[in-house]
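Below: the structure, in structure tokens.
No lab work stands behind these numbers, since they all come straight from the coordinates. In this text, all values refer to a predicted model and were calculated from it rather than measured experimentally.
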Amino acid sequence: MKHVIRGLYAITREAPGDTLLDDMRQALRGGAAVIQYRNKRGDEALRLEQATRLRRLCRRHGVPFIVNDDIELARASGADGVHLGRGDGTVAGARAALGSGAVIGVSCYDSLARARAAAEAGADYVAFGSFFPSPTKPRAVAATPGLLQQAVNTLNIPVVAIGGITPENGALLVRAGAHALAVISGLYADDGIEQAARRYAGLFETLTDRNKTNINHS
């Protein structure tokens, strides 16, 4: 059965292998529901080693493991899927390489038209952002909660929000309908990765509890 993208979508920072695994162990203990491996500068052998180790960790925890940008690395490491930005290949190409059960995500920045095209091409989820200033991508285009809400209302696949998201401002995006919050730097807070992850994951639990209460009182 194909994994569903929902909840805290934790993205790795660039770090040595043991540090990277410990980071994501803490994130998983805190409630991360998706892990994405992102390494723009490592050599091929390092990236394959790290991705393979992370895939094993995610498999033990039963959460999807996604590789950023690199279809071949996703295939070689046995990842559950790949996330594609501009110039990273097509949904059709990723599907052919990874199979029908793979989870394929597409970055759509601030473009609903790109998201619709990705959904029509068979993407399993789309991501919008940056919603807030991001230290990871300081020059990223800006997306709005209104765009997020429109995407949620018109697409039949999960919608992920990314970019400068904290446990405080992330609540706005969850209320707007985001199925997942993708986070990098926000995980590495002063109170530790596990606690930070718990705060993000709690945003979805709070919303679920509120919706149950509204249904019961309606």
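A few comments on the model shown:
- Percent RCO, i.e. relative contact order, over region 3-106, from Cα pairs under 8 Å lying at least 6 residues apart: 21 percent
- Globularity ratio of region 7-217, using Cα Rg and 2.2 N^0.38 Å: 0.97
- Cα centroid separation - region 1-29 against region 105-121, whole Å: 24 Å
- Kyte-Doolittle mean at least -1.0, axial Cα span of 15 Å or more - DSSP H helices of the chain: 17-29, 193-217
- One Cα centroid belongs to region 33-97, the other to region 163-202; the line between them spans 22 Å.
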